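Everything below concerns the one structure shown next.
The values are calculated or read from the model by the stated rules, or taken from the named source; none is laboratory data. Keep in mind the model is a prediction, meaning the values are calculated, not measured. Every residue, glycine as well, gets a Cβ built from its backbone with ideal geometry; the counts of neighbours run over all protein chains shown.
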Amino acid sequence: MKITVKGNPVTLIGEEMKTGQKAKDFKVLSTGLEEAWLSSFKNKIKLIASVPSLDTPVCDLEIKRFNDEASKLSKDLVIIFISMDLPFAQKRFCQANEIKIVKTFSDHREADFGLKFGVLIKELRLLARAIFILDKDDMVRYIQIVPELSSPPDYDAALSALKGLVK
């Protein structure tokens, strides 16, 4: 799949996810440097947002919006943001911006998430801006890969898909 960065095409590598398939388990690092897996969130509905870096204006707005809006939907929902940022930078960002509900993880070490979900940008070794919604059984119910990296996601579409699962 192709996306653009400031209008220039880049290549996404890894396995392309499709709705209706079971998500593969992946390994990332928490802000405390502990390994975490998708399987760490069993029996939860998961909104997983991959972003290039929390320290950019679009990502900053995205994490704050999901922290405020999506977090109110259900106690069975976990909101996960994954980037290539180092865990230390993610921790500092969350503390500085009072992000207490969204969980942030780093894929910098192995790009395991990026490759298993098909959102690793070959030319930059960053993650594409994407949203994946998984049900409690880790079945992929919604995918949004934003065509231009510097553009925000379609919040309304993602929140609508999420609301359909948490009824």
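Give the residue, chosen from I80, I13, I3, that is modelled with pLDDT of 95 or more, within 21 Å of L124 (Cβ to Cβ) and touching a helix residue (DSSP H, G or I) at 6+ places or on another chain (Cβ under 9 Å). Before the answer, list the steps.
Values: I80 fails: within 21 Å of L124 (Cβ to Cβ); I3 fails: touching a helix residue (DSSP H, G or I) at 6+ places or on another chain (Cβ under 9 Å).
Sole residue among the options that is modelled with pLDDT of 95 or more, within 21 Å of L124 (Cβ to Cβ) and touching a helix residue (DSSP H, G or I) at 6+ places or on another chain (Cβ under 9 Å): I13.
If I ask for residues that are of a type in the set (A, V, I, L, M) and either in contact with a Lys or Arg (Cβ under 9 Å, 6 or more places away or on another chain) or surrounded by 14 or more Cβ atoms within 10 Å (Cβ to Cβ) (or both), which ones from the range 52-81 would you list?
Here is the first cut: in the range 52-81, the ones of a type in the set (A, V, I, L, M) are 54, 58, 61, 63, 70, 73, 77-80.
Those that are of a type in the set (A, V, I, L, M) and either in contact with a Lys or Arg (Cβ under 9 Å, 6 or more places away or on another chain) or surrounded by 14 or more Cβ atoms within 10 Å (Cβ to Cβ) (or both): L54, V58, I63, A70, L73, L77, V78, I79, I80.
Please state which one of A23, A89, A111 is touching a residue at least 24 places away in the same chain (Cβ under 8 Å), in contact with a Phe, Trp or Tyr (Cβ under 9 Å, 6 or more places away or on another chain) and small (G, A, S).
Working: A89 fails: in contact with a Phe, Trp or Tyr (Cβ under 9 Å, 6 or more places away or on another chain); A111 fails: in contact with a Phe, Trp or Tyr (Cβ under 9 Å, 6 or more places away or on another chain).
Sole residue among the options that is touching a residue at least 24 places away in the same chain (Cβ under 8 Å), in contact with a Phe, Trp or Tyr (Cβ under 9 Å, 6 or more places away or on another chain) and small (G, A, S): A23.
Across the range 49-93, what is the number of residues that are part of a loop (DSSP other than H, G, I, E, B), among the aliphatic types (A, V, I, L, M) and over 21 Å from I143 (Cα atoms)? Quick ask: steps written out before the conclusion?
Initial filter on the range 49-93 (part of a loop (DSSP other than H, G, I, E, B)): 51-56, 69, 73-76, 84-86.
Adding the requirement that they be among the aliphatic types (A, V, I, L, M) leaves 51, 54, 73, 84, 86.
Subset that is over 21 Å from I143 (Cα atoms): 86.
Final tally of qualifying residues: 1.
When the range 1-35 is examined, which residues are found to be among the aliphatic types (A, V, I, L, M) and more than 14 Å from the chain's Cα centre (by Cα)? Give the steps one after another, and end with the answer.
If we filter the range 1-35 for residues that are among the aliphatic types (A, V, I, L, M), which is where we start, we get 1, 3, 5, 10, 12-13, 17, 23, 28-29, 33.
Across the range 1-35, the qualifying residues are M1, I3, V5, V10, L12, I13, L33.
Go through N97, N43 for me and flag whichever is of a type in the set (S, T, N, Q), at positive phi and more than 14 Å from the chain's Cα centre (by Cα). First the steps, then the outcome.
Working: N97 fails: at positive phi.
Result: N43 is the single residue among N97, N43 that is of a type in the set (S, T, N, Q), at positive phi and more than 14 Å from the chain's Cα centre (by Cα).
Looking at the range 137-153 only, could you name the residues that are part of a loop (DSSP other than H, G, I, E, B) and within 14 Å of the chain's Cα centre (by Cα)?
If the condition is that a residue be part of a loop (DSSP other than H, G, I, E, B) and within 14 Å of the chain's Cα centre (by Cα), then V146, L149, P152, P153 are the ones that fit.
Which residues, taken from the range 103-120, are surrounded by fewer than 22 Cβ atoms within 10 Å (Cβ to Cβ) and either among the β-branched types (V, I, T) or more than 14 Å from the chain's Cα centre (by Cα) (or both)? First the steps, then the outcome.
Taking the range 103-120 and keeping what is surrounded by fewer than 22 Cβ atoms within 10 Å (Cβ to Cβ), we get 103, 108-112, 115-116, 118.
Those that are surrounded by fewer than 22 Cβ atoms within 10 Å (Cβ to Cβ) and either among the β-branched types (V, I, T) or more than 14 Å from the chain's Cα centre (by Cα) (or both): R109, E110.
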